[in-house]
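Participant: This structure is in structure tokens; I'll ask about it shortly.
The values are calculated or read from the model by the stated rules, or taken from the named source; none is laboratory data. Keep in mind it's a predicted model, so treat the numbers as computed, not measured. Cβ: placed from backbone, ideal geometry, glycine included. Neighbour counts: every protein chain shown.
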């Protein structure tokens, strides 16, 4: 009897740890990782939040990080592709900033190895924030005297109003933009009632259809890789899919445009599937308007599977279980603007 | 003894009410007035805050009330003149939304009789938010299903997702954007230490120079007038002032452009002087960059007075005492966007 119980216990615990090791379903960690040289602190988060919301270091003074990464909603801009300074329309759909902290590389083509490096991109992109140089960006910030105490609180005294520190602060703030308590996460952590019957069906179909060959891990953006190492995939893989022409999916060269390497043509960072409820329209070009349609497009172009509408609806219902809740955002007070910061409209 | 006391009391109370009646210095009320048909409620303020921050009812989905009225800073956009959809540059400096609730008319030319009517202007201004019609605006809002419960909470059941209700909600939110506890207000309410010696000197000079012939009342935007009745003044009044050419002050026709009445040429609503610390650059065209310079321009063009730099600095110091503190803004969560709300960039 005692032996039997012990064996039963062994089997049970063995089964459990086996299940844990093999389970494809991982909840999002409650804290985002930070690099050794930029530990997250409250002072950095406060400064980073101010910089994130401040439009004054775009050339026209009208475009902030927040403009295309609206943390009041999906962390993107609900447009097919974004609009920067002077009404210029960019070429790609704004990726959500929610949970970007968990990605090992940033941008659709993975060209930035960290949030810190990513933050230095858009300010000097001529279509996005349009500043002539990063020196110009930090010059604008330094010209707003009220910022200095916040830099000093975050980075100590001395010559701390630097672009590197500004980027570190923005990255620190972005590491707080995570959603680890979605219905999906609660389900995986043991709350069996967190998902509806349709969502559980969708979860099974998501797995059996093969979506997880790419969309795996806690963010569904691929396996855990070291910071700076991206998880890329060819998209579209099956170019005969009718969706390729319908949604002009091969028009953009993908990672090749960043690296110049021919084999990177059509390669893309596998994006997260979290918070899709809030990030329509979909794909790198924002051409696909509804989530069930996006599911069908991906099944067709990546797995050569033609999904029935009901299957797509079930999978979409499961994907919606990975949305929110979003941490409450406090609105920073921004320091006053000197009158000569931004000119007469010619910038 | 009893009679003497009574007389003393009479004298005392007489003196007090006389002082109160004659004092030119009025603190800002702690609550903004609301029209009888739109009493301020928490549910309206919540909805109004969401609409105020939502860029999705501009044609491109990129411009919200908040874009030009940044309540994280001066309630304006720190630009000489504002930028709307497609990078278009407007003709006038964005007036601050802080304390606009106390104005009897809105816009630089006073063409809107209420905050409710003002809210319906920018969405259909082709340069600002660029929507073809107010029907189109409310159509966009109605197409975001998550808004409906908020309209119902604020306005009851039935056909409540209307443009009039949206405008009422925005106005209700704006009535919370007030700054009644500035150093100036605390001084006028009895805290003699609230102003510095220079600010008290500036206060005397502000009065003796004649600034209060226009900039009077609690907002320094003129006498209390019934809602819909504006307090207008010719600007510049002394056209021989050298500042007129220097800052192109007569290029804009002012109120005439709104009314078509020749006598309205060069007439402007007298703007508030509160929160000037945060609203550089100055004037209807945003051409004047510093506050002391703005003081000199006004003295010259309106009073034919050439102020010494030290006088302008003292008056500017006094004006700065009317800044903030700003009520903490909570960031609303905006409902999710249907994928077909905003098109492919051609709007």
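Participant: Check segment B:137-144 and report whether any residue there is without any contact (Cβ under 8 Å) to a residue 24 or more places away in the chain, assigned by TED's automatic domain parsing to the domain that holds residue B:53 and part of a helix (DSSP H, G or I).
Facilitator: yes
Participant: I would also like to ask the following. Restricting to segment A:331-347, and then to whatever is in contact (Cβ under 8 Å) with a residue 60 or more places away in the chain and more than 7 Å from every other protein chain (Cβ to nearest Cβ), can you tell me which residue is nearest to residue B:290 (Cα to Cα)?
Facilitator: Taking the candidates together, the pick is A:335.
Participant: Could you please give the count of residues in segment A:319-330 that are more than 7 Å from chain B (Cβ to nearest Cβ) and in a loop (DSSP other than H, G, I, E, B)?
Facilitator: Looking only at that region, the number is 7.
Participant: Please go through segment A:266-283 and give me each residue that is away from chain B (no Cβ under 14 Å) and touching a strand residue (DSSP E or B) at 6+ places or on another chain (Cβ under 7 Å), ordered by number.
Facilitator: Selection gives A:266, A:267, A:268, A:269, A:270.
Participant: Mind listing whichever residues of segment A:106-126 are out of contact with any helix residue (DSSP H, G or I) (no Cβ under 6 Å at 6 or more places or on another chain), part of a loop (DSSP other than H, G, I, E, B) and within 16 Å of residue A:259 (Cβ to Cβ)?
Facilitator: A:107, A:108, A:110, A:113, A:121
Participant: Run residue A:316 past the list (1) within 14 Å of chain B (Cβ to nearest Cβ); (2) out of contact with any helix residue (DSSP H, G or I) (no Cβ under 7 Å at 6 or more places or on another chain) and report the number of the one that doesn't hold.
Facilitator: Unmet for residue A:316, out of (1) within 14 Å of chain B (Cβ to nearest Cβ); (2) out of contact with any helix residue (DSSP H, G or I) (no Cβ under 7 Å at 6 or more places or on another chain): (2).
Participant: Right, here's the next one. Within segment A:83-105, which residues are in a loop (DSSP other than H, G, I, E, B) and under 8 Å from the mean Cα position of the chain (by Cα)?
Facilitator: A:95, A:96, A:97, A:98, A:99, A:103
Participant: Can you find, within segment A:55-66, the residue that is surrounded by the most Cβ atoms within 10 Å (Cβ to Cβ) among those that are at the interface with chain B (Cβ under 8 Å from one of its Cβ atoms) and not in a helix (DSSP H, G or I)?
Facilitator: If we take residues in segment A:55-66 being at the interface with chain B (Cβ under 8 Å from one of its Cβ atoms) and not in a helix (DSSP H, G or I), then A:62 is surrounded by the most Cβ atoms within 10 Å (Cβ to Cβ).
Participant: For residue B:72, are the conditions met, namely being within 13 Å of chain A (Cβ to nearest Cβ), surrounded by fewer than 24 Cβ atoms within 10 Å (Cβ to Cβ), closer than 23 Å to residue B:47 by Cα and under 25 Å from the mean Cα position of the chain (by Cα)?
Facilitator: yes
Participant: Criterion first (in a helix (DSSP H, G or I) and surrounded by fewer than 23 Cβ atoms within 10 Å (Cβ to Cβ)) does residue A:251 satisfy it?
Facilitator: Answer is no for this residue.
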